[in-house]
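Undergrad: Sharing a structure with you now.
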Amino acid sequence: MTNISFSQENWGYPPYNRDSFQQIQSLFPTVRITRGEGPTYRFNEATRDLSGLTYAGVDGGTRTVEQMLDDTFTDSFLVVKDGAILTEIYLNQMGPESHHLMNSVSKSFIGALIGIVAAEGSIQVDGLVRDYVPELAESAFQDTTIRTALDMTAAVEFGEDYSDLNADFWMEASVVGWRPALVKPDAPATLFEYALSRQRTEQKEGEKYHYRTILTNVLAMVLERATDTTLPKLLQSRIWSKLGPEQDACIVVDRVGFPYVGAGMNACTRDLARFGQMIVGNGSIAGHQIVPSEWIDDIRYAERRSVDLFAASDYGGMFEGGHYRSQFWVADADRGIIHCIGIHGQSIHMNMTTGTVIVKFSSHPEPADMPLFVDTFLAMDAISESV
């Protein structure tokens, strides 16, 4: 870390984010997602030096993993193969016990949780969100289904251009204090009020893929209403405690305690690897089925329309032939390469064919520096195919 002073006003900007991403709990209200009393899932150790492994970088030149780590503002990097840790690196004064903001990696936890609750019978994935949250009938979500929200193909108008400091993404984030300068006297006071305030649509339901954080937050509202349980308790009981984590996680909340699931979770590196290990295990870890295997299969293979909509989107060039399904990014369905991705360089890479999980926490200066992201993905792909 840089040991410079950060505040709610500057925490998300460089160089302050090099420190602040590891200290979110000191900045904003959070709720803990406790690990419970169960045993810890222990990784085996099979240490390998992967720093010299080469791959073709984003510019076509030969690069090493060590160069990638140096150039992409890495805070931690963990490679697991068949349940054994091959490489574990901490930089920028981060350590195994350090929490780090995962940004939109948070979304994938909601995607997994929807699959669990749907299998329990509490929600219907093709059902309307207003069937569970009736107040949304008077908003841009009146015709939104759980499926179109999951796959980011819903109709609501919402700008997610991170370079626009007045984008809808930042306006919603200001509700939890992330951009205090954007808060106006008549602004929505809670995430729920913000969702209700969205009245305009930008497309027909299911017409296009357009990544929008607000849809994940709406899914969390559906989950709470459908189960009559708070979202942190749902995450704790259905997922977190069952992973055998080392530590509690935490999540940023608004003034009434509703979690900012679109981007606000924080956890340690190894515990994110446990989540990835569960996905690679087709929803199972340590002999416990957490997410239905059918849900994981659907994420991996999806349907042709998901591939076509992704290809036609602004993200199509990031994973050619890939798709977005249930809050997960699928780079290659045949090889089973799935990603959880968050701005500023957060990532879980999962290769279901080789049984590899790679976690990277970072503090990129810019939210969406595509060359840094793509170079990281190329390195991760090379690692998971070679170890």
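The values are calculated or read from the model by the stated rules, or taken from the named source; none is laboratory data. Just so it is clear, the model here is predicted, and its values are computed rather than measured. Glycine also receives a Cβ, built like all others from the backbone with ideal geometry; neighbour counts cover every protein chain displayed.
Undergrad: Residues in the stretch 267-291 that are touching a strand residue (DSSP E or B) at 6+ places or on another chain (Cβ under 9 Å) and among the polar types (S, T, N, Q): how many?
TA: 3
Undergrad: Any chance the stretch 129-150 includes a residue that's polar (S, T, N, Q), more than 19 Å from the chain's Cα centre (by Cα) and crowded, with 22+ Cβ neighbours inside 10 Å? Steps first, answer last, please.
TA: Of the residues in the stretch 129-150, the ones polar (S, T, N, Q) are 139, 142, 144-145, 148.
Next, only the ones that are more than 19 Å from the chain's Cα centre (by Cα) stay: 139, 142, 144-145.
Within this subset, residues satisfying the condition of being crowded, with 22+ Cβ neighbours inside 10 Å are 144.
Yes, that holds for at least one residue.
Undergrad: Could you check the stretch 297-341 and list, in sequence order, the residues that are aliphatic (A, V, I, L, M), assigned to a loop (DSSP other than H, G, I, E, B) and modelled with pLDDT of 95 or more? So that I can check it myself, show each step before the final result.
TA: Initially, the stretch 297-341 is screened for residues aliphatic (A, V, I, L, M), giving 299, 302, 307, 309, 311-312, 318, 330-331, 333, 337-338, 341.
Now narrow it down to the ones that are assigned to a loop (DSSP other than H, G, I, E, B): 302, 312, 318, 333.
Listed by number, the residues that qualify are Ala302, Ala312, Ala333.
Undergrad: Which condition number in (1) in contact with a Leu (Cβ under 9 Å, 6 or more places away or on another chain); (2) under 18 Å from Tyr324 (Cβ atoms) is the one that Tyr162 fails?
TA: Result: Tyr162 fails condition (1) only.
Undergrad: Could I ask something else about it? For the condition out of contact with any strand residue (DSSP E or B) (no Cβ under 9 Å at 6 or more places or on another chain) and touching a residue at least 24 places away in the same chain (Cβ under 8 Å), what is the one hit in Gly111, Gly115?
TA: Checking each option against the conditions leaves just Gly115.
Undergrad: Still on this structure: How many residues are β-branched (Val, Ile, Thr) and under 23 Å from the mean Cα position of the chain (by Cα) if we restrict to the stretch 183-204?
TA: Number satisfying all stated conditions: 1.
Undergrad: Also, I was wondering about something else. For the condition farther than 30 Å from Lys233 by Cβ, crowded, with 18+ Cβ neighbours inside 10 Å and either in contact with a helix residue (DSSP H, G or I) (Cβ under 9 Å, 6 or more places away or on another chain) or polar (S, T, N, Q) (or both), what is the one hit in Ile4, Ile85, Ile33?
TA: Details: Ile4 fails: crowded, with 18+ Cβ neighbours inside 10 Å; Ile33 fails: farther than 30 Å from Lys233 by Cβ.
Testing whether each residue is farther than 30 Å from Lys233 by Cβ, crowded, with 18+ Cβ neighbours inside 10 Å and either in contact with a helix residue (DSSP H, G or I) (Cβ under 9 Å, 6 or more places away or on another chain) or polar (S, T, N, Q) (or both) leaves just Ile85.
Undergrad: Identify the residue in the stretch 7-30 that is in contact with an Asp or Glu (Cβ under 9 Å, 6 or more places away or on another chain) and farther than 21 Å from Gln236 by Cβ and, among all such residues, is surrounded by the most Cβ atoms within 10 Å (Cβ to Cβ).
TA: Checked the stretch 7-30; the qualifying residue surrounded by the most Cβ atoms within 10 Å (Cβ to Cβ) is Phe21.
Residue by residue, here is whether (1) in contact with a Leu (Cβ under 9 Å, 6 or more places away or on another chain); (2) crowded, with 17+ Cβ neighbours inside 10 Å; (3) at positive phi holds:
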position: Thr74; (1), (2), (3): yes, yes, no
position: Phe77; (1), (2), (3): yes, yes, no
position: Asn92; (1), (2), (3): no, yes, yes
position: Ser104; (1), (2), (3): no, yes, no
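Undergrad: Further question on the same structure: Got at least one residue in the stretch 36-58 being within 27 Å of Ala263 (Cβ to Cβ), touching a residue at least 24 places away in the same chain (Cβ under 8 Å), among the small types (Gly, Ala, Ser) and surrounded by fewer than 17 Cβ atoms within 10 Å (Cβ to Cβ)?
TA: Yes, there is a match, as at least one residue in the stretch 36-58 is within 27 Å of Ala263 (Cβ to Cβ), touching a residue at least 24 places away in the same chain (Cβ under 8 Å), among the small types (Gly, Ala, Ser) and surrounded by fewer than 17 Cβ atoms within 10 Å (Cβ to Cβ).
Undergrad: What's the number of the only condition in (1) over 20 Å from Ile358 (Cβ atoms); (2) out of contact with any strand residue (DSSP E or B) (no Cβ under 6 Å at 6 or more places or on another chain); (3) buried (at least 24 other Cβ atoms within 10 Å of the Cβ) that Gly321 fails to meet?
TA: Gly321 satisfies all of (1) over 20 Å from Ile358 (Cβ atoms); (2) out of contact with any strand residue (DSSP E or B) (no Cβ under 6 Å at 6 or more places or on another chain); (3) buried (at least 24 other Cβ atoms within 10 Å of the Cβ) except (3).
Undergrad: A further question follows. Quick check on this structure: which one of Arg335, Arg300 is buried (at least 19 other Cβ atoms within 10 Å of the Cβ), of a type in the set (Lys, Arg) and in contact with a strand residue (DSSP E or B) (Cβ under 9 Å, 6 or more places away or on another chain)? Give the steps one after another, and end with the answer.
TA: Numbers: Arg335 fails: buried (at least 19 other Cβ atoms within 10 Å of the Cβ).
The conditions single out Arg300.
Undergrad: Then there is this: Restricting the search to the stretch 128-177, which residues are touching a Ser or Thr at 6+ places or on another chain (Cβ under 7 Å) and either among the acidic types (Asp, Glu) or modelled with pLDDT under 95 (or both)?
TA: Within the stretch 128-177, Asp151, Glu157, Glu160, Glu172 qualify.
Undergrad: If you don't mind, there's one more thing I want to ask. Would you check if there is a residue in the stretch 238-259 being over 21 Å from Val359 (Cα atoms), modelled with pLDDT under 95 and not hydroxyl-bearing (Ser, Thr, Tyr)?
TA: Scanning the stretch 238-259 turns up no residue that is over 21 Å from Val359 (Cα atoms), modelled with pLDDT under 95 and not hydroxyl-bearing (Ser, Thr, Tyr).
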